[in-house]
């Protein structure tokens, strides 16, 4: 079954506890947290104080997605919250293998993120050390964008690499995911989808989550 990680970027921050509890009670598998620094992407989101509050009310593991410069600084900042995953962008990191080792040494599963233009083959020599690869299906920085169809072909290529080099590594897709494209993603080997607007803009969040758990 496809796992679902609703992105709290699309939640109502005035009622954040209620929204986080609702998606957890509604059957989500992970709580996806987008951390943006206003430099790597043109947006600024949340820091460890707010994420700590999310962690306290979430009954599902955190999936922290760093969209930042100076990844090591942010890893150190968020590691004490003990998320399930910390993912960082390959486009920004000069020493990805070193950072992967650091994240794992902190008891957290390391993941790498690829922007829409970055080929799956760019992480071939890192794949055996990863627990997850996150493919962006929108340009990072803002929620509510339209799905970029070419990620389906890229996910298929990544699935081939994963099956050959590290079958235990999961594939996650983030951006514009709905019940209309989730089957195509499952067909090419995607394991987890991140859904922000699709989940939080529906009155029945549990129903929205279930519609993606195919």
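The values are calculated or read from the model by the stated rules, or taken from the named source; none is laboratory data. Being a predicted model, the structure only gives us computed values, none of them experimental. All Cβ positions, glycine included, derive from the backbone under ideal geometry; neighbour counts span all protein chains shown.
Taking residue 83 and the conditions (1) in contact with a helix residue (DSSP H, G or I) (Cβ under 9 Å, 6 or more places away or on another chain); (2) assigned to a loop (DSSP other than H, G, I, E, B); (3) loosely packed, with under 13 Cβ neighbours inside 10 Å, which numbered condition does it fall short on, given that it satisfies the others?
In the conditions (1) in contact with a helix residue (DSSP H, G or I) (Cβ under 9 Å, 6 or more places away or on another chain); (2) assigned to a loop (DSSP other than H, G, I, E, B); (3) loosely packed, with under 13 Cβ neighbours inside 10 Å, residue 83 misses (3) alone.
Could you list all residues from the stretch 53-69 that are over 11 Å from residue 21 (Cβ atoms) and surrounded by fewer than 15 Cβ atoms within 10 Å (Cβ to Cβ)?
So in the stretch 53-69, the residues over 11 Å from residue 21 (Cβ atoms) come out as 53, 55, 61-69.
The one that is over 11 Å from residue 21 (Cβ atoms) and surrounded by fewer than 15 Cβ atoms within 10 Å (Cβ to Cβ): 53.
Quick check on my filter: what residues within the stretch 19-58 are part of a helix (DSSP H, G or I), touching a strand residue (DSSP E or B) at 6+ places or on another chain (Cβ under 6 Å) and farther than 15 Å from residue 82 by Cβ?
Passing the criteria: only 23.
Looking at 112, 152, 103, which one is in a helix (DSSP H, G or I), surrounded by 18 or more Cβ atoms within 10 Å (Cβ to Cβ), within 16 Å of the chain's Cα centre (by Cα) and without any contact (Cβ under 8 Å) to a residue 60 or more places away in the chain? Talk me through it step by step, then tell me what you get.
Details: 112 fails: in a helix (DSSP H, G or I); 152 fails: within 16 Å of the chain's Cα centre (by Cα).
After applying the criteria, what remains is 103.
For every residue, the table says whether it meets (1) without any contact (Cβ under 8 Å) to a residue 60 or more places away in the chain; (2) farther than 21 Å from residue 98 by Cβ.
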| position | (1), (2) |
| --- | --- |
| 122 | yes, no |
| 136 | yes, yes |
| 144 | no, yes |
| 156 | yes, yes |
| 160 | yes, yes |
| 163 | yes, yes |
| 166 | yes, no |
| 169 | yes, no |
| 173 | yes, yes |
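Residues of the stretch 86-100 being more than 14 Å from residue 133 (Cα to Cα), assigned to a loop (DSSP other than H, G, I, E, B) and free of Cβ contacts under 8 Å to residues at least 40 places away in the same chain, which ones?
93, 94, 95
I need the full set of residues from the stretch 1-18 which are free of Cβ contacts under 8 Å to residues at least 40 places away in the same chain and in a loop (DSSP other than H, G, I, E, B), in order please.
none
Give the residues of the stretch 15-47 that are crowded, with 17+ Cβ neighbours inside 10 Å and farther than 24 Å from residue 211 by Cβ, sorted by residue number.
35, 36, 37, 40, 41, 45, 46, listed by residue number.
Given the residues 190, 194, 133, which is the only one that is within 18 Å of residue 36 (Cα to Cα) and either assigned to a helix (DSSP H, G or I) or within 16 Å of the chain's Cα centre (by Cα) (or both)? Walk me through it before giving the result.
Working: 190 fails: within 18 Å of residue 36 (Cα to Cα); 133 fails: within 18 Å of residue 36 (Cα to Cα).
After applying the criteria, what remains is 194.
Here are 50, 33: which of them is touching a helix residue (DSSP H, G or I) at 6+ places or on another chain (Cβ under 7 Å) and either at pLDDT 95 or above or over 23 Å from residue 100 (Cα atoms) (or both)? Before the answer, list the steps.
Working: 50 fails: touching a helix residue (DSSP H, G or I) at 6+ places or on another chain (Cβ under 7 Å).
Going through 50, 33 in turn, the sole match is 33.
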